[in-house]
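So the structure is just underneath, and the comments pick up after that.
The values are calculated or read from the model by the stated rules, or taken from the named source; none is laboratory data. Worth saying up front: this structure is predicted, and the values here are computed from it rather than measured. Positions of Cβ are generated from backbone atoms using ideal geometry, with glycine treated the same way; all protein chains shown enter the neighbour counts. Areas reflect the complete protein model, heavy atoms only, side chains present, ligands, DNA and RNA absent. Shrake-Rupley method; radii C 1.70, N 1.55, O 1.52, S 1.80 Å.
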Amino acid sequence: MMFRLCFFICCFFLATVFSAPIVKRKNSVYEVSGLTVQEVRASIEKLGPMHPTQKKRYDGITEWDLSWKYQSSRRGKVWIVTSRSVILNIKVSVPKWVDMDKASPLTQRQWKIYQSNLVRHEQGHVNIAMRAAKAIDNYIGTYGGASSLDQMQANIERNTKLILERFRKYDVNYDKRTRHGATQGAKFPNNLAK
C-alpha cells in the first residue's frame with residue numbers, strides 16, 4: 001500500500017514538473033520599400049499588419065492563441081486530471097525593408113535600430129503568451145480533484161478562462177505602457193542614430 005502511494009505521488013510530481021506547453025511559432029515579414037524615411041514610413045502604414053479586433057495597422061504584431069485538453073479519471077470518489085496538453089500558437093509579423101541598401105547610411109542605421117527594438121517589443125508579447133500557457137498548464141496539472149466530473153470540468157473551464165483573460169489584459173497593458181513599442185525605440189523614423 002505504501003509503495004503504491006509513493007509511486008502515485010512520484011508519477012504525479014513528474015507529470016507536473018516535466019509537462020510543458022507545446023509552442024508553435026511562425027515568424028513572418030511583410031515587405032516595405034522606399035528610399036527615404038518618409039517613403040518607408042508610408043509603406044509601413046499602408047502594408048503593416050492589421051490588428052484583428054482593433055482594425056488598425058501596426059508596424060509589427062504578435063498574435064497568439066491557446067488551446068488545451070485534458071484526460072480525467074475517477075480515483076475512488078474523486079475525479080482527477082490524469083494528463084493534459086496545452087498548445088500555444090504564436091504568429092509574429094514585422095517589416096522587411098527590401099531596398100534598404102539604396103538608402104543613406106544614416107537612414108539604414110535608423111532602420112536597424114528600429115527593427116531590433118521592434119523585434120524586442122514583439123518578443124515581449126511572446127513572453128506574455130508563454131507565461132499564459134505555462135500558467136494554464138500548471139493550473140490543469142495541479143488541479144486537486146472534484147467529487148463529480150461535471151464539477152471538475154466547470155471548475156477547470158471557469159479558472160482557465162480567468163487565467164487567459166488575465167494574460168490578455170497584461171498583453172493589452174504592455175502595449176499601452178510601451179505605446180506599442182515606441183518607448184522601447186520601436187519607432188521609425190527615430191533620432192537614435194544621430
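Across region 83-180, how many lysine pairs separated by 8 or more positions, or lying on different chains, have Cα atoms within less than 21 Å? Intermediate values should be presented prior to the final figure.
On the way: K91/K134; K91/K169; K91/K176; K96/K112; K102/K112; K134/K161; K134/K169; K161/K169.
Value for region 83-180: 8.
Would you be so kind as to identify which of P52, S147, Q38 lies farthest towards the positive end of the dipole of the chain, taking Lys and Arg as +1 and Asp and Glu as -1 on Cβ and the Cα centre as origin?
Looking along the dipole axis, the top candidate is S147.
Please give the per residue accessible area of the chain, computed with a probe of 1.4 Å over protein heavy atoms only, in Å². Intermediate results must be reported in sequence, preceding the final value.
Working: 11860 Å² over 194 residues.
With all protein chains present, the chain gives 61 Å² per residue.
Of the labelled options (i) 1.39; (ii) 0.97; (iii) 1.77, which one gives Cα Rg over 2.2 N^0.38 Å as computed for this structure?
Matching entry in (i) 1.39; (ii) 0.97; (iii) 1.77: (i).
Keeping all protein chains in the complex and leaving out DNA, RNA and ligands, what accessible area do you get for R120 with a 1.4 Å probe, in Å² to the nearest 10?
120 Å²
For Cα pairs less than 8 Å apart in space and 6+ apart in sequence, what is the mean separation divided by the residue count of region 20-138, i.e. the relative contact order in percent? Show your work: numbers first, answer last.
Details: 186 pairs, mean separation 40.0, N = 119.
This gives 34 percent for region 20-138.
Could you give the DSSP H helices of the chain that reach 18 angstrom or more along their long axis (alpha carbon positions) and whose average Kyte-Doolittle hydropathy is no lower than 1.6?
TM-like helix candidates: 2-18.
Can you give the net charge of the other residues whose Cβ lies under 9 Å from the Cβ of E45, counting K and R as +1 and D and E as -1? Don't skip to the end; give the middle numbers.
Working: positive: R41, K46, R57; negative: D59.
Overall, the nearby charge balance is +2.
Return the carbon/sulfur percentage of the accessible area of region 40-194, one whole number, probe 1.4 Å, all protein chains in place. Display every interim value, and only then the final one.
Values: 4340 of 8560 Å².
After summing per-atom areas, the C and S share lands at 51 percent.
Assuming 0.36 nm per residue, please report the length gained on full extension of the stretch Y174 to K96 beyond their Cα-Cα distance.
Details: separation 78, 0.36 × 78 = 28.08 nm, distance 2.38 nm.
Here the answer is 25.7 nm.
Please give me the summed charge of the neighbours of G141: other residues whose Cβ is under 14 Å from its Cβ, Lys and Arg +1, Asp and Glu -1. Mind showing how you got there, number by number?
Values: positive: K69, R84, K134; negative: D137.
Computed value for this residue: +2.
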